[in-house]
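What follows is a set of notes on a single structure, which appears directly below.
Laboratory data are not the source of any read-out in this text; all were calculated from the coordinates shown. Source: prediction; values computed, not measured. Ideal geometry is used to build each Cβ from the backbone, glycine not excepted, and the neighbour counts take in all protein chains shown.
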Amino acid sequence: MRLAIAFVVASGGFLVACATPGPHPHAGIRGLWREYEGLPAYRALALAGDPDRVWVAGAAGGRLSQAEARTAALEECAAHRQERRLQAPCRIYAIGDRIVW
């Protein structure tokens, strides 16, 4: 099974409560994080921009390996980054349940 989701967001600066234990994502992407957590393993999340202002993201789940999920998330993010003409590069934000950025 393969599943890829992509997000393009201009954050309004509001906070959303997060009741799940574990990693604490940046306040500007908590809604995205909840959706990301629902993706099947292997999964990865990539972001470009400022999570407090304007940003784009790419997420991939249900891949054959973590490396494949990482690559797919970066590709999704890059496509949205180009659409929005964002200068900031896409970076991996999370791999599986671990926030790395």
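Which distance in nm do the two modelled labels at Arg53 and His24 give, with both placed 7 Å along the Cα-to-Cβ direction?
My value for the distance between the label points is 2.5 nm.
Dipole size in debye (nearest 20) for region 48-101 around its Cα centre, Lys and Arg Cβ +1, Asp and Glu Cβ -1?
On the way: 8 positive and 7 negative charges, 21 e Å.
The calculated dipole for region 48-101 is roughly 100 debye.
Need one number: nm distance between label points at Gln82 and Ile99, each 7 Å from Cα along Cα→Cβ, rounded to one decimal.
3.0 nm
Is region 26-71 rounded, prolate or oblate when judged by the Cα gyration tensor, a ≥ b ≥ c being the square roots of its eigenvalues, rounded requiring a/c under 1.5 and prolate requiring a/b larger than b/c?
oblate
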